[in-house]
Amino acid sequence: MDRLAERLAAGLADLERRDLKRVRRVIDSPQGPRVHEGGRALLNFSSNDYLGLANHPRLREAAHRAIDRYGVGSGASPLVSGNLRAHHDAEQRFARFANQPRALLFASGYAANLGILAALADRDAEIFSDELNHACLIDGARLSKARVTRFAHRDADALDEALSRSQAQVRIVATDAVFSMDGDIAPVPRLVELCEKHDAWLVLDDAHGIGVLGATGRGTLEHFGVASPRIVYMATLGKALGGYGAFVAGTGTMIEWLAQRARTYVYSTALPPMAAEVATAALDLIDDEPGIVLALRDRIAQFAAAMSSAGIAAALSATAIQPIVVGDARRSLEAAARLRERGFFVPAIRPPTVPEGTSRLRISLSAAHGSVEVEALAAALADCLG
């Protein structure tokens, strides 16, 4: 036991030496444009709460109503007795929202992607994975025991060549729709075209696109105007939709297969009914108040203009995620600390979350931010990065 503990201690010391050890911050307030941490009020540019719904009154009211009606826990897995009316109604609501035939509610986006890939693929399959995919897609591919082929980031031509060489009985292309650390968008129309050409599934993780992209906030598929029965569409509830959990949507046959064979669905206790009711309330709110999605668009445009005015060169994105790559892990930590001194909460993201040499500040914009706050951030960035 001493040797095992020493091994862990040495590993932790190595992380600290390389400026890669994480620190969990304790937030003493609800999520919002401002949070309280360590006795200070900070302008919050760290959260994935892109529409400012995590503390929205309508979602809070939905949660209270659900607790009053259903209690706190669901009590069992969905295939036993844990599939409550709240879950059923939320699945139907999301299917309509995403313009898909059917949807299935999972405990989290991570659990959803593990379940999807392990259920659709086996040793006779080949999974084609974008090299910058989120860890849950990477782990799901490993869990499936399929052959895994990585292709260069957003490189549809390289993917076409790899698919052409494949002799697998089942082919699956897996990709983030919006990449969580760069904010760039996968070439979804081209990926659909390749999947149709090569008889493949397209597993599309729209965790950072749902509620953000598309004319009415319905995500990446609406943004591009694409639809296909080959798409296995996953979207999380814990980011723009303000709650917790995830949906997978697509054809009825595919969803039924996941309900029968996705181990992270079959063998997990169903989400608290409160989470399902909150998801339904969030979808209704986006439909009822389209100005929320438009407000986020305004913040994104204002941030780009403010960065330009401040003379800061950055690879700005069309989404709520705005990375500023500084390269070195220590430099990113120092920049984040200087921003905190000025009252801004902006996280430093380091390996292994991002590739070596690309440590960065990851700025997350929200519809709840004001234009003055966005401009103040740009000015602070100019001071801290100069």
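The values are calculated or read from the model by the stated rules, or taken from the named source; none is laboratory data. The shown structure was predicted, so the numbers you read here are calculated from the model rather than taken from an experiment. As a convention, Cβ positions derive from the backbone with ideal geometry for all residues, glycine included, and neighbour counts pool all protein chains shown.
Scanning the stretch 131-142 for residues that are touching a helix residue (DSSP H, G or I) at 6+ places or on another chain (Cβ under 8 Å) and either outside any helix (DSSP H, G or I) or crowded, with 17+ Cβ neighbours inside 10 Å (or both) returns His134, Cys136, Leu137, Gly140, Ala141. Taken together, the residues in the stretch 170-198 that are more than 30 Å from Ser359 (Cβ to Cβ) and either charged (D, E, K, R) or in contact with a strand residue (DSSP E or B) (Cβ under 8 Å, 6 or more places away or on another chain) (or both) amount to 11.
Among all positions in the stretch 214-224, there is no residue which is of a type in the set (Gly, Ala, Ser), farther than 30 Å from His64 by Cβ and in a helix (DSSP H, G or I).
Which residue, of Ala168, Ala162, Ala146, Ala156, is assigned by TED's automatic domain parsing to the domain that holds Tyr233, closer than 13 Å to Leu194 by Cβ, in contact with a Lys or Arg (Cβ under 8 Å, 6 or more places away or on another chain) and without any contact (Cβ under 8 Å) to a residue 60 or more places away in the chain? Unique residue meeting the criteria: Ala156. Per the conditions (1) farther than 22 Å from Arg34 by Cα; (2) out of contact with any Lys or Arg (no Cβ under 6 Å at 6 or more places or on another chain), the sole criterion not satisfied by Leu333 is (1). Of all the residues in the stretch 181-199, those that are in contact with a helix residue (DSSP H, G or I) (Cβ under 7 Å, 6 or more places away or on another chain) and assigned to a loop (DSSP other than H, G, I, E, B) number 1.
Per the listing Arg93, Arg154, Arg102, the residue uniquely on the phi > 0 side of the Ramachandran plot and at pLDDT 95 or above is Arg154.
Among helices (runs of 4 or more DSSP H) lying entirely in the stretch 1-113, which contain 2 or more residues that are touching a Ser or Thr at 6+ places or on another chain (Cβ under 7 Å) and within 23 Å of Gly243 (Cβ to Cβ)?
Output list reads 85-97.
Check the stretch 241-257 and report whether any residue there is within 22 Å of Gly370 (Cα to Cα) and either assigned by TED's automatic domain parsing to the domain that holds Phe179 or among the acidic types (Asp, Glu) (or both). Taking every residue of the stretch 241-257 in turn, at least one turns out to be within 22 Å of Gly370 (Cα to Cα) and either assigned by TED's automatic domain parsing to the domain that holds Phe179 or among the acidic types (Asp, Glu) (or both).
Here's the yes/no breakdown for (1) surrounded by fewer than 22 Cβ atoms within 10 Å (Cβ to Cβ); (2) in contact with a Lys or Arg (Cβ under 8 Å, 6 or more places away or on another chain); (3) at pLDDT 95 or above; (4) outside the structural domain of Thr220 (by TED's automatic domain parsing):
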{"site": "Ala279", "(1), (2), (3), (4)": "no, yes, yes, no"}
{"site": "Ala295", "(1), (2), (3), (4)": "yes, no, yes, yes"}
{"site": "Ala306", "(1), (2), (3), (4)": "yes, no, no, yes"}
{"site": "Ala314", "(1), (2), (3), (4)": "yes, no, no, yes"}
{"site": "Leu365", "(1), (2), (3), (4)": "no, yes, yes, yes"}
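Looking at the structure I just gave you, is Arg330 buried (at least 16 other Cβ atoms within 10 Å of the Cβ) and charged (D, E, K, R)? So Arg330 does not fit the description; no. Filtering the stretch 204-250 to residues that are among the polar types (S, T, N, Q) and more than 19 Å from Ala275 (Cα to Cα) leaves Thr216, Thr220, Ser228. Here Val266 meets the list (1) over 25 Å from Asp139 (Cβ atoms); (2) surrounded by fewer than 17 Cβ atoms within 10 Å (Cβ to Cβ) almost entirely, failing just condition (1). Taken over the stretch 230-258, the criterion of being part of a strand (DSSP E or B) and under 18 Å from Ser108 (Cβ atoms) is satisfied by Val232, Tyr233, Met234, Ala235, Thr236, Ala246, Phe247, Val248, Ala249.
When the residues of the stretch 199-209 are narrowed to those that are touching a strand residue (DSSP E or B) at 6+ places or on another chain (Cβ under 6 Å) and under 19 Å from Thr253 (Cα atoms), which ends up surrounded by the most Cβ atoms within 10 Å (Cβ to Cβ)? For the stretch 199-209, the residue satisfying everything is Val203. Scanning the stretch 281-312 for residues that are outside any helix (DSSP H, G or I) and farther than 22 Å from Glu373 by Cβ yields one hit, Pro290. Condition (residue is of a type in the set (Gly, Ala, Ser), buried (at least 20 other Cβ atoms within 10 Å of the Cβ) and in the same structural domain as Ser74 (by TED's automatic domain parsing)) applied to the stretch 282-289: is it met by at least one residue? Yes; the residues of the stretch 282-289 include at least one that is of a type in the set (Gly, Ala, Ser), buried (at least 20 other Cβ atoms within 10 Å of the Cβ) and in the same structural domain as Ser74 (by TED's automatic domain parsing).
Just to be sure, is Ile210 in a loop (DSSP other than H, G, I, E, B) and of a type in the set (A, V, I, L, M, F, W, C)?
Yes, satisfied.
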